[in-house]
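The values are calculated or read from the model by the stated rules, or taken from the named source; none is laboratory data. In this text the structure is predicted, and so the values were computed from the model without any measurement. With ideal geometry, Cβ positions are generated from the backbone for all residues, glycine too; neighbour counts draw on all protein chains shown.
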């Protein structure tokens, strides 16, 4: 009986390890529930993120949206599933890069580095229900003043 319980526990842990990351899928920003910093460039009118595993080691993230001033943006990001340096298209400005730190499934940080200084940190957390995600952004604006934003995301 103990062997059977042990094997069930091991298989349960293995299946959890193979389960998809809860941050995978299509996510839409809920503007009404989100809080934007007034000092940051035009807040979003709409934004969608599509995240998928390319293979066992790499995530691809497509970000598209429209700002309140009508300008659009789009970028394609890849980063290691276990965390590391993120590659972005279009490429970030010279001296700028991002590092992803994975805490656990559906819980990770993105640290923005510019000219060897940390300028922004995002924490992403997917709720236990897997239907809602939150990203808290803390950074420094173009005038050197600190800001904080909270985005509320809904899985589509």
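Out of curiosity, is residue 38 surrounded by 14 or more Cβ atoms within 10 Å (Cβ to Cβ) and either closer than 30 Å to residue 144 by Cβ or modelled with pLDDT of 90 or more (or both)?
Considered against the rule, which asks whether it is surrounded by 14 or more Cβ atoms within 10 Å (Cβ to Cβ) and either closer than 30 Å to residue 144 by Cβ or modelled with pLDDT of 90 or more (or both), residue 38 comes out as no.
Going through the stretch 26-59 one residue at a time, which ones are more than 17 Å from residue 155 (Cβ to Cβ) and either under 17 Å from the mean Cα position of the chain (by Cα) or part of a strand (DSSP E or B) (or both)?
Matches in the stretch 26-59: 35, 36, 44, 45, 54, 57, 58.
For the structure I just gave you, tell me whether residue 66 is touching a strand residue (DSSP E or B) at 6+ places or on another chain (Cβ under 8 Å), surrounded by 13 or more Cβ atoms within 10 Å (Cβ to Cβ) and at pLDDT 85 or above.
When the stated conditions are applied, residue 66 passes them.
Only residues that are touching a strand residue (DSSP E or B) at 6+ places or on another chain (Cβ under 9 Å), modelled with pLDDT under 95, more than 22 Å from residue 37 (Cβ to Cβ) and not in a strand (DSSP E or B): list them for the stretch 95-128, please.
Within the stretch 95-128, 95, 105, 106 meet the criteria.
Only residues that are surrounded by fewer than 15 Cβ atoms within 10 Å (Cβ to Cβ) and more than 19 Å from residue 86 (Cβ to Cβ): list them for the stretch 41-63, please.
Selection gives 41, 42, 46.
Could you list, in sequence order, all residues of the stretch 129-142 that are outside any strand (DSSP E or B), over 20 Å from residue 59 (Cα atoms) and touching a strand residue (DSSP E or B) at 6+ places or on another chain (Cβ under 8 Å)?
Across the stretch 129-142, the qualifying residue is only 141.
In the stretch 143-156, what count of residues is obtained for those that are more than 20 Å from residue 127 (Cβ to Cβ), in contact (Cβ under 8 Å) with a residue 40 or more places away in the chain and not in a strand (DSSP E or B)?
Matching residues across the stretch 143-156 total 2.
Taking the stated definitions as given, is residue 25 surrounded by 10 or more Cβ atoms within 10 Å (Cβ to Cβ), at pLDDT 90 or above and at positive phi?
Yes; evaluated as a whole, the condition is true for this residue.
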